[in-house]
Amino acid sequence: MSQSILSMKGAGMRALILGLMAGLTIGGGAGAARAQSTNFLSTMPRFPEQSGEELYKGICQGCHMPDAKGAKGAGAYPALAGDTKLEAGGYPVTVVVRGQKAMPSFGYSLSDDQVAAVVNYVRSHFGNAYKDEVTAADVKAARP
C-alpha cells in the first residue's frame, strides 16, 4: 500500500491530499462543535468564503481543476468548462446542495447565498456564458 501511495503523481496525489485534509477538517471541526451543541446538522463545518470565485478556488478547483476542465487519474472529475448541463440553473444547484455520484453534498456546509454565488460563478466563467442567475431563494427551494 505505501508503495502505491509513494508512486502517485499529479491529480491522483492532489485528490488524496485533498481527501485527507477534508477528513481532518470535517472530523475535527464536527467533533469539537458537537461537544458544544446537541444539534449535529447546525454544527457542520462552514466555509468562510463568500464570492463565487473564492468558493470555487477554495472548494471546487481541487477536483474540477483551476481551469474547470476536470481531471482523470485516481478518479474522474468532470469538466465544468463549456458544460451545456449548466444551462438550466437548477441542475448545478441540486448537484451542489445534494451531491451526485462521487460529488459530495455541500448542502450543510454552504449557505443559500454561497451556493448561488458559486453556481453563478461557474455558469458565467470557463467558457460558460449563462446570464440568468440563480438566487438564494432558488437554492432554498432545492434543499431537501
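For the listed peptides 124-133, 101-110, a ranking on the average number of other beta carbons within 10 Å per residue, highest first, reads 101-110, 124-133. Taking a straight Cα-Cα cut-off under 13 Å and skipping sequence neighbours fewer than 8 places away in the same chain, the aspartates and glutamates within cross-link reach of residue 69 are 83.
In order along the range 70-77, the phi-based Karplus estimate (6.51 cos²θ - 1.76 cosθ + 1.60, θ = phi - 60°) of 3J(HN,Hα) comes to x, 7, 10, x, 5, x, 9, 10 Hz; Gly and Pro are listed as x. Near residue 129, once Lys and Arg are set to +1 and Asp and Glu to -1 for all other residues with Cβ below 14 Å from its Cβ, the sum equals -2.
Read the figures in this text as sums done on the coordinates, not as results from a lab. No experiment lies behind these values; they were computed from the predicted model shown. Because the Cβ atoms are built from the backbone with ideal geometry, glycine has one as well, and the counts that use them run over all protein chains shown.
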